Amino acid sequence: MTRTFLGMPATAPRGVGHLREGEPFPAAARRALGDPQLRRNLGHATTTIRAKSGRVIGELPDWQQLRDAGSALKADTMARLPELLEQLESAVTAAGGTVHWAADATEANRIVTGLVRATGEQRVTKVKSMATQEIGLNEALAAAGIEPVETDLAELIVQLGADRPSHILVPAIHRNRAEIREIFLRAMPGVDPALSDEPAALAGAARAYLRETFLRTKVAVSGANFAVAETGTLAVVESEGNGRMCLTLPETLITVMGIEKVVPSWRDLEVFLQLLPRASTGERMNPYTSMWTGVTPGDGPQQVHLVLLDNGRSAVLADEVGRQALHCIRCSACLNVCPVYERTGGHAYGSVYPGPIGAVLSPQLTGVADNASLPYASSLCGACFDACPVKIDIPSILVHLRGRAPHPRAEAAAMAAAAYVMDRPRLYAAAQRAARLGRLTGRRGRGLPPPLSGWAASRDVPEPPPATFREWWARR
Ligand code: SF4
């Protein structure tokens, strides 16, 4: 009997996409903390979303049961992922669509670029999609001479500003309206030079530009919030209606979806479509929920493609603790309650996935060594766990990943020294007696030499007891 060795699941490749931190979180966070305008914008936006979300969640007496149901559905999906993905492929194909499997970002970019080239078009409209940002699709399309046009208002602001998104749901959360006006005047084709910074005027300018773009573009690229294995139906939820234009007007529709977005059955959507809007935008129901199943002759896109993206997800699935991160429905509730995110914003996380979910997802997709500071970008207060509509235990994953992150040499040397001492009873007793000198340092570690004084700057150093257990025992 011969066996084929398939190897360990690979992490996302280097050099493509937006998953890796350019600089460690502490350095990037320090810079962000020095920007008062950014902190004002973030504080205002997260406080407003939190309050709105809290109000509509409070209306549902069965919110906790819904969370349990969402969590259980995701756990079941992950346990049967290969089978469900094959079922999804069969259903999409039977409905006239074409399914492509992409092992990583490079392969996904090649597939999408090839599909657009085959149409002969040189421009695509895009629905906001984290997966395409993750793989750096816009850069790959641009390198192939294809112009991607983001149609979500916040994404458009980010794209025209040659900027990076800083929030899952509100990618331009770091910009205020004066800054947005400047970006539009500078980079939006055909904009009125007398444009004001009134929200209605800014939205009107974007609408005029996008409407014209929708009507003359024949290819669109979308992400997907959910894909139903049983029927082959794909679903996109959004708030502006731009998604619906992208999904219905073009002749060719290409969807790039992380493999974890599959759900077993149509009924499962009932749970997620209640959880998602309340946890994310604080709405009772999503303003635009678009669903499509393959091709409908004479109605909507006649070429429908689905690209199933792994890019490190199988490696995440292989980790018994960390795999919960794949349950994420990208609602961004954990960002809005996180005291660290609220102060630093999303850019400090270096990856397209910011905030608490980014701190556990990015290091797993890339391998912890490539995002080693992110598991520490948290106070472990647990607010993210409480807010998560699918009950992802983010603090436990953070601690788990800290254990896997490469540790500084000094820390490894200190641990080796501690192990040596604890292995030798006399030495250990002497060390305990010496530790009593620690009482002299007092609370807050005053008197400790660097680098221990740094550790103690925000912690109370526990005082050693007046007598060790051995001394107490000997006295009796
Ligand atoms: S981890 Fe939970 S709270 Fe955070 S974005 Fe994902 S689903 Fe939402």
- [ ] Keeping to region 328-357, report how many residues are near the ligand (Cβ under 7 Å from one of its atoms) and either of a type in the set (Val, Ile, Thr) or surrounded by fewer than 24 Cβ atoms within 10 Å (Cβ to Cβ) (or both).
- [x] 3
Open item on the list: With the structure loaded, tell me whether Val271 is modelled with pLDDT of 95 or more, within 16 Å of the ligand (Cβ to nearest atom) and not hydroxyl-bearing (Ser, Thr, Tyr) or whether it fails that test.
Closed with: yes
Open item on the list: One residue is enough: does region 278-288 have a residue meeting the conditions in a loop (DSSP other than H, G, I, E, B), closer than 25 Å to Leu85 by Cα and away from the ligand (no atom under 16 Å from the Cβ)?
Closed with: no
Task: Condition broken by Ala224, with the remaining ones in (1) surrounded by fewer than 19 Cβ atoms within 10 Å (Cβ to Cβ); (2) in contact (Cβ under 8 Å) with a residue 24 or more places away in the chain; (3) small (Gly, Ala, Ser); (4) part of a loop (DSSP other than H, G, I, E, B) satisfied - done: (1)
Task: Only one of Pro171, Pro148, Pro193, Pro165 that is touching a residue at least 40 places away in the same chain (Cβ under 8 Å) and more than 18 Å from Leu42 (Cβ to Cβ) - done: Pro148
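Just one of Asp386, Asp423, Asp460 is at pLDDT 90 or above, among the acidic types (Asp, Glu) and over 30 Å from Asp68 (Cα atoms); which is it?
Numbers: Asp386 fails: over 30 Å from Asp68 (Cα atoms); Asp460 fails: at pLDDT 90 or above.
Checking each option against the conditions leaves just Asp423.
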- [ ] Report whether or not Gly43 is outside the structural domain of Val307 (by TED's automatic domain parsing), more than 23 Å from the chain's Cα centre (by Cα), at pLDDT below 95 and of a type outside the set (Val, Ile, Thr).
- [x] no
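Can you tell me which of Ala29, Ala69 is among the aliphatic types (A, V, I, L, M), under 30 Å from Arg177 (Cβ atoms) and part of a helix (DSSP H, G or I)? Give the steps one after another, and end with the answer.
Values: Ala69 fails: under 30 Å from Arg177 (Cβ atoms).
That would be Ala29, the only listed residue that is among the aliphatic types (A, V, I, L, M), under 30 Å from Arg177 (Cβ atoms) and part of a helix (DSSP H, G or I).
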Task: region 392-404: number of residues that are within 18 Å of the chain's Cα centre (by Cα) and either at pLDDT below 95 or assigned to a loop (DSSP other than H, G, I, E, B) (or both) - done: 2
Open item on the list: Taking the conditions exactly as written (free of Cβ contacts under 8 Å to residues at least 12 places away in the same chain and surrounded by fewer than 21 Cβ atoms within 10 Å (Cβ to Cβ)), does Glu283 satisfy them or not?
Closed with: no
Open item on the list: Quick check on region 308-327: of everything there that is away from the ligand (no atom under 15 Å from the Cβ) and more than 22 Å from Leu137 (Cα to Cα), which residue is surrounded by the most Cβ atoms within 10 Å (Cβ to Cβ)?
Closed with: Leu317
Open item on the list: With the structure loaded, tell me whether Leu210 is in contact with a Ser or Thr (Cβ under 7 Å, 6 or more places away or on another chain), more than 19 Å from Thr281 (Cβ to Cβ) and among the aliphatic types (A, V, I, L, M) or whether it fails that test.
Closed with: yes
Task: Residue list for region 416-432, restricted to those being within 20 Å of Pro449 (Cα to Cα) and surrounded by fewer than 12 Cβ atoms within 10 Å (Cβ to Cβ) - done: Ala417
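Step by step: first the residues of region 146-174, then only those that are under 18 Å from Val16 (Cβ atoms) and surrounded by fewer than 24 Cβ atoms within 10 Å (Cβ to Cβ), then the one that is nearest to the ligand (Cβ to nearest atom). Which residue is that?
Arg164
Out of His407, His305, I need the residue that is assigned to a loop (DSSP other than H, G, I, E, B), surrounded by fewer than 24 Cβ atoms within 10 Å (Cβ to Cβ) and either away from the ligand (no atom under 14 Å from the Cβ) or without any contact (Cβ under 8 Å) to a residue 12 or more places away in the chain (or both). Which one?
Residue meeting the stated conditions: His407.
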TODO: Could you please tell me which pairs satisfy a Cβ distance under 7 Å, a separation of 6+ or placement on different chains, a first residue in region 371-393 that is within 20 Å of Gln274 (Cα to Cα), and a second residue that is more than 8 Å from the ligand (Cβ to nearest atom) and among the β-branched types (Val, Ile, Thr)?
DONE: Cys384/Val337; Ala387/Val337
Task: Residue list for region 240-280, restricted to those being farther than 20 Å from Gln65 by Cβ, over 19 Å from the mean Cα position of the chain (by Cα) and surrounded by 18 or more Cβ atoms within 10 Å (Cβ to Cβ) - done: Glu240, Asn242, Gly243, Met245, Cys246, Leu247, Pro250, Thr252, Leu253, Ile254
Task: Search result, residues across region 358-376 that are away from the ligand (no atom under 14 Å from the Cβ) and either part of a loop (DSSP other than H, G, I, E, B) or closer than 24 Å to Ala69 by Cβ (or both) - done: Gly367, Ala372, Ser373
- [ ] Run down Ala28, Ala51, Ala102, Ala94 and say which single residue is among the small types (Gly, Ala, Ser), within 19 Å of Pro356 (Cβ to Cβ) and either surrounded by 20 or more Cβ atoms within 10 Å (Cβ to Cβ) or out of contact with any Pro (no Cβ under 9 Å at 6 or more places or on another chain) (or both).
- [x] Ala28
Open item on the list: Looking only at residues that are within 14 Å of the ligand (Cβ to nearest atom) and of a type in the set (D, E, K, R) in region 377-404, which one is farthest from Leu137 (Cα to Cα)?
Closed with: Asp386
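The values are calculated or read from the model by the stated rules, or taken from the named source; none is laboratory data. What you are looking at is a predicted structure, and each value in this text was computed from that prediction instead of being measured. Cβ atoms come from the backbone with ideal geometry, glycine included; neighbour counts cover every protein chain shown.
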